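Single-structure report; data block below.
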Amino acid sequence: MHPKIGYLLPTREQIMEGRPHTGPLVALAEQAEALSYDSIWVGDSLLARPRHDPLTLLAGVATRTRRVQLGTAVLLPALRNPVVLAQQIATLDQLSEGRVVLGVGIGLDLPNVHAEFAAAGVPFERRVGRMIEGLRLCRALWTGEPVEWNGRWLVQNGTLAPTPWRKGGPPIWVGGTERPSRIRAGRLYDGWMPISPSPEDWAQQWTDVEAGARDAGRDPTTLSGAMYLTLSVDDDPTRADGRLNEFLAHYYGQPGPRIRSWQACYAGTDSGIAAILANYAKAGVAHFVLRFVGEHERHLKAIAAARARLGW
């Protein structure tokens, strides 16, 4: 089976440029579906990197698309009450008729992310436990059966309705390249979506996901292996490289080359796209989530052309 190709909407970028309107974002999602992309993704942040609320925006995209999967790359569930989150996701999955993929993460260990958690009233150092328990509670509520829960949250004979379109709720993919995240993905969730800087790194790290699954008595072949990749395409490779460095520095507040040392990126001409996708696919990647550096219409078409050359 050929890898699937997903597209990350530029919610953060448009906010940074002073263009908060959602109409152009939905139009980009429609264009991606018309070009046979398999999924549309939205990032998440409250204050650290302000952007549109991902679940609300994906609800809008759901009403204007019919086929593509709709995912979060990635949602920070520790910032949210899981009872409220379970209802929101169930409604979105119903609205999209079972097209939701819930990508989740714990957040980067950076000062602005610490401040974001503090503003939400969530201790940053407890975010992993909150995420794990919160997602367990979501899954319990998604059964539609009465739930009794006495942990970080108290639920007394609580029943959620509607439940998600898909029985048991949408698949949960975990982001993160650190070993605990990889083991966690295999033990508890349905997929892994890292930013591994090379195909070789991805393949090596995937063995930890598989090991985590086997240790938990799960079949590793049932898990989805994804990849989050940033692309800067231009006829001039030097210009593409400069744009990528500028984009990353503006986005993260750190030098572009530093970000590229740990985060997968490509800067170059259209002709090189197919090779980098093929190399990750050979490593085992089954689903790409692609973030573009500007000129989104051009990038969308360039990836579609590269896909055609690959026969995907």
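Numbers at a glance
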item: Filter result (assigned to a helix (DSSP H, G or I) and more than 29 Å from V84 (Cβ to Cβ)) within region 159-181; result: R179
item: Which listed residue, of G176, G158, is modelled with pLDDT under 95 and either crowded, with 16+ Cβ neighbours inside 10 Å or of a type in the set (S, T, Y) (or both); result: G176
item: Residues satisfying the stated conditions in region 258-300, i.e. among the aromatic types (F, W, Y) and either in a loop (DSSP other than H, G, I, E, B) or without any contact (Cβ under 8 Å) to a residue 24 or more places away in the chain (or both); result: W262
item: Filtered residues of region 99-151 (kept if part of a loop (DSSP other than H, G, I, E, B), of a type outside the set (V, I, T) and either closer than 26 Å to K167 by Cβ or touching a residue at least 24 places away in the same chain (Cβ under 8 Å) (or both)); result: R99, G105, G107, L110, A120, G144, E145, P146, G151
item: Residues (within 23 Å of Y280 (Cβ to Cβ), buried (at least 21 other Cβ atoms within 10 Å of the Cβ) and among the aliphatic types (A, V, I, L, M)) located in region 1-53; result: I5, L8, L9, A32, I40, V42
item: Filtered residues of region 251-302 (kept if of a type in the set (D, E), more than 30 Å from V113 (Cα to Cα) and out of contact with any strand residue (DSSP E or B) (no Cβ under 7 Å at 6 or more places or on another chain)); result: E297
item: For R243: the one exception among (1) closer than 23 Å to V285 by Cβ; (2) in contact (Cβ under 8 Å) with a residue 12 or more places away in the chain; (3) not polar (S, T, N, Q); result: (1)
item: Of all residues in region 195-221 being assigned to a loop (DSSP other than H, G, I, E, B) and without any contact (Cβ under 8 Å) to a residue 60 or more places away in the chain, the one that is farthest from C265 (Cα to Cα); result: G217
item: Unmet criterion (only one of (1) surrounded by 17 or more Cβ atoms within 10 Å (Cβ to Cβ); (2) in contact with a helix residue (DSSP H, G or I) (Cβ under 7 Å, 6 or more places away or on another chain)) for A249; result: (1)
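The values are calculated or read from the model by the stated rules, or taken from the named source; none is laboratory data. Keep in mind it's a predicted model, so treat the numbers as computed, not measured. Cβ atoms come from the backbone with ideal geometry, glycine included; neighbour counts cover every protein chain shown.
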